[in-house]
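J.: Pasting in a structure now, in structure tokens, and then I'll have a few things to ask.
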Amino acid sequence: MAENTSGDTVGSAVPWYSVVFYVIVSSSLIGVMGVSLISPLLPELRAVFGVSDAVVGLFVTAYSIPGIFITPFIGYAADRIGRKWVLVPLLFTFGIAGAGIAFTTNLLVALGLRFLQGIGATALVMLAVTLIGDIYDGNRRDTLVGINGSMIGVGAAFYPLLGGTLATIRWSVPFLFFGVAIPIGVLAVVTLDESTGASDVQLSTYVTRIYAVILSPEALALFAAMFFAVFVYYGAVVTALPLLLSDEFGLTASTIGLILAVAALANAVTSSLYGRISQRRTAPQLISLGFVAFGSGLLLIWRSATTWSIAIALIAFGIGIGLALPSVDMKVITLVSADLRAGMMGVRTSMLRLGQTVGAVGFTFVAETFFVSTVEGYRALMLVAGILVTATGGLLYVLFRN
């Protein structure tokens, strides 16, 4: 074991191909499954539950709301009792509640189960990245954060395809697939070291220390970047774009899933190269370039008249996400020592969930309320969001270069 500069105990000698790392990656993959697997189904769920575009967006909102409020507390628990005994119950909750949705057509019951599933999902990716920070150091840590992000991108690419394909059997089958989290939870029980991350830090001291870090300009900027990126992604691409593709082009769930997979694949490839890219540009510069890239993608979607051009536009968006989000994660896990790391990642995840919640409901609400047709509304929102994101990224990059 070795000590890094922040005083964390790390195991840089732990091989990346260990079963522990497979559990870490699997937890991340499950953490991003909850929305991307059912995103192509959103148009079909309107008929299943007899609801409008705005209401069907609640399947994303109900899932993401718990993470806004409880993730920091989960972070404290992970720092206090260890990562293992927080991660395992979350995996079981995710799998049981998610699969349960397959057995109901009652909207309130389904949304209640989505809420419970969202509780299970709150800290999966957060704990995965935290464990990487605990166990690895130096460039290996940067590389594995990139690999983890790449696998998230692969999952985000594969899940829409899988969800759309499974939906051709029956709308409920993709929900049954959420049960895969249960065997991963069993594997986590067997393989994870229960002492990892455990400390005797007291709550009052913990809150005082982490509050001071949260209020620092660097932390506030990172959390704002996380919120803004996820707000646009879940509002424009995950929620609005599938509805636009269904209503304007008449595409099926499986075809929508194929198109959405383009962004996720571009994200996966970019994230897999993050270890190399991060040696050439600073994290703030990469976050800025990421904003420019996915803002440009939104502008291309606005101008696109064919599904092929939309798919091409999603490449730029995916590259942007692959640059921005791993950069935010790397900065967050290095801001504090190990006994605060999960808590900081918890605040980061709260911002992510807030972005999911507001984005999913906001885009559909504005399109339905202020425009003659939702198609027109979604197009206009792509334009406005594209301009704002691209301009913000360009300005920040100029500032960070100086």
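The values are calculated or read from the model by the stated rules, or taken from the named source; none is laboratory data. Given the structure is predicted, the values throughout are model-derived calculations rather than measurements. Every residue, glycine among them, receives a Cβ derived from its backbone with ideal geometry; neighbour counts consider all protein chains shown. Side chains are part of the model used for accessible areas, which takes the heavy atoms of the whole protein and leaves out ligands, DNA and RNA. Shrake-Rupley method; radii C 1.70, N 1.55, O 1.52, S 1.80 Å.
J.: If the elastic network links every pair of Cα atoms under 10 Å, which of Ser216, Ser172, Ser350 fluctuates the most in the Gaussian network model of the chain?
T.: Ser216
J.: Using Cα springs under 10 Å in a Gaussian network model of the chain, which residue among Thr392, Thr334, Thr306 shows the largest mean-square fluctuation?
T.: Largest GNM mean-square fluctuation: Thr306.
J.: Moving on to the next point. Whenever you get a sec, compute what percent of the accessible area on the chain sits on carbon and sulfur atoms (1.4 Å probe).
T.: For the chain, the apolar C and S fraction of the accessible surface comes to 70 percent.
J.: Per residue of the chain, what 222 nm ellipticity follows from adding -39500 (n - 2.57) for every DSSP H run with n ≥ 4, rounded to the nearest 500?
T.: It lands at -25500 deg cm²/dmol.
J.: Still on this structure: Which of Gly82, Gly67, Gly153 ends up with the largest GNM mean-square fluctuation for the chain, with Cα atoms connected below 10 Å?
T.: Gly82
J.: Turning to a different aspect of this structure: Considering only C-alpha atoms, what is the centroid distance from segment 80-157 to segment 18-53, in Å?
T.: So the two Cα centres are separated by 11 Å.
J.: Follow-up question, since we're still on this one. What size of dipole, in debye to the nearest 20, comes out for segment 141-257 about its Cα centre when the only charges are +1 on Lys and Arg C-beta atoms and -1 on Asp and Glu C-beta atoms?
T.: The dipole of segment 141-257 has a size of about 140 debye.
J.: Separate question: Over the residues of the chain, compute the C-alpha Rg and express it relative to 2.2 N^0.38 Å.
T.: Rounded to two decimals, the normalised Rg is 0.93.
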